[in-house]
Amino acid sequence: MLARLLPRAAGNPFFLEALVRMLVDDGVIDTRQRPWVLHEDRLAALRVPETLVAVLQARLDALPADELTALQRSSIVGPVFWDAALAAIDARAPQALPLLEQRALVQPVPESTFDGTAEHRFVHALLHEVTYGTVLKAERQAGHAAVARWLAERVGERAGEFL
């Protein structure tokens, strides 16, 4: 397996990590037991994407619809986002955040910029960019408007910081 993956990663640790996570998502690697189990038969049948962007897109394509929607809505807020801002776009989306954390697509930020709302971030800027690229223009516009309203209600005297 390493002989097949290492040349693709070309020395990029995030690329290799994304490849391994894709294999976990696809059931090629079973992480439920230690040591992990590699299903060689599934690996042989798998087409391994050539680029990091293609690996990230493959991971997005494999997500259940509700998780993909939540991740897309999160990308509208930005590479760093808040659950309440996400809820301003889609009230159901924050429910998927624990699953997205388990899949190592987003991670919590220890201290939130805004009191009373959890802050998260995409695990990598490129993942945010690829995810945002899958959002339709009209959906982006509506989402940005909802986030702008949410921010305007919260920033008060700190407006200069957030402009």
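The values are calculated or read from the model by the stated rules, or taken from the named source; none is laboratory data. Keep in mind it's a predicted model, so treat the numbers as computed, not measured. Here the Cβ positions follow ideal geometry from the backbone for every residue, glycine too, while neighbour counts run over all protein chains shown. The protein model used for the area step is the full one, side chains on, heavy atoms only, and it has no ligands, DNA or RNA in it. Shrake-Rupley method; radii C 1.70, N 1.55, O 1.52, S 1.80 Å.
A few remarks follow.
- Count - residues of the stretch 17-41 that are open to solvent by 50 Å² or more (accessible area, probe 1.4 Å) and under 17 Å from Leu126 (Cα atoms): 2
- For the stretch 73-123, the tally of residues that are open to solvent by 50 Å² or more (accessible area, probe 1.4 Å), part of a loop (DSSP other than H, G, I, E, B) and touching a Phe, Trp or Tyr at 6+ places or on another chain (Cβ under 9 Å) stands at 2.
- Apart from one condition, Arg121 fits all of (1) of a type in the set (Lys, Arg); (2) closer than 21 Å to Ala96 by Cα; (3) in contact (Cβ under 8 Å) with a residue 60 or more places away in the chain; the exception is (3).
- Extreme residue, least open to solvent (accessible area, probe 1.4 Å), among residues of the stretch 42-63 that are farther than 18 Å from Gly133 by Cβ and either assigned to a helix (DSSP H, G or I) or without any contact (Cβ under 8 Å) to a residue 24 or more places away in the chain (or both): Leu43
- Search result, residues across the stretch 96-106 that are over 30 Å from Glu157 (Cβ atoms) and either without any contact (Cβ under 8 Å) to a residue 24 or more places away in the chain or within 10 Å of the chain's Cα centre (by Cα) (or both): Pro98, Leu100, Glu101, Gln102, Arg103, Ala104, Leu105
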